[in-house]
Amino acid sequence: MNDKLYGIYNGEIYRIRPDVNGKVFLFPDDGEDITHAKVASSADISEAYRLCPYAEYKGIRTDVARETDDEYELWINDYAVAQELGFDRCDKYGYNMMVRKTDVIIFYEKKPYTL
């Protein structure tokens with residue numbers, strides 16, 4: 001479950017993918033259909049932002065590492081909270097756990113993005 005970049009072009013919202021030459025590829029946000037991509041200049045994008053997913057699990061905010069058909073993999077780096085919630089250690093400072101989708105609430109945080 002990755003965060004996605006979005007931009008506003010001519011008053012419409014598109015998923016975007018900027019390149020190093022100042023171009024921005026615009027995609028409809030209805031799936032992975034890249035055949036209908038448009039190209040614009042980064043100067044033509046009035047606002048760019050990233051939608052970052054996170055989960056609330058048992059009242060605690062966690063990161064969402066990935067998604068399967070019926071589960072989310074949650075990730076946290078707070079040892080005490082990880083122990084309290086039953087997360088497993090997955091690297092030096094990180095803890096994760098697979099949970100049913102019905103056990104979490106997913107939120108998206110809008111963060112500004114500079115092209």
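The values are calculated or read from the model by the stated rules, or taken from the named source; none is laboratory data. Fair warning: this is a prediction, and the values are worked out from it, not measured in the lab. Virtual Cβ from ideal backbone geometry, glycine too; neighbours counted across all protein chains shown.
Here are some notes:
- When each of E47, E71, E32 is tested for being outside the structural domain of T102 (by TED's automatic domain parsing) and at pLDDT 95 or above, the lone residue that passes is E47.
- Residue match in region 82-98 (condition: at pLDDT 95 or above, in contact with a strand residue (DSSP E or B) (Cβ under 6 Å, 6 or more places away or on another chain), part of a helix (DSSP H, G or I) and not charged (D, E, K, R)): yes
- Qualifying residue in region 49-59 (condition: without any contact (Cβ under 8 Å) to a residue 12 or more places away in the chain, assigned to a loop (DSSP other than H, G, I, E, B) and out of contact with any Cys (no Cβ under 6 Å at 6 or more places or on another chain)): yes
- Subset of region 61-81 (residues that are among the small types (G, A, S) and touching a strand residue (DSSP E or B) at 6+ places or on another chain (Cβ under 7 Å)): A65
- Among residues of region 5-22, those that are assigned to a strand (DSSP E or B), of a type outside the set (A, V, I, L, M) and surrounded by fewer than 15 Cβ atoms within 10 Å (Cβ to Cβ), counted: 1
- Considered as a group, the residues in region 92-108 that are under 12 Å from I76 (Cβ atoms) and not hydrophobic (A, V, I, L, M, F, W, C) include one that is surrounded by the fewest Cβ atoms within 10 Å (Cβ to Cβ), and that residue is Y93.
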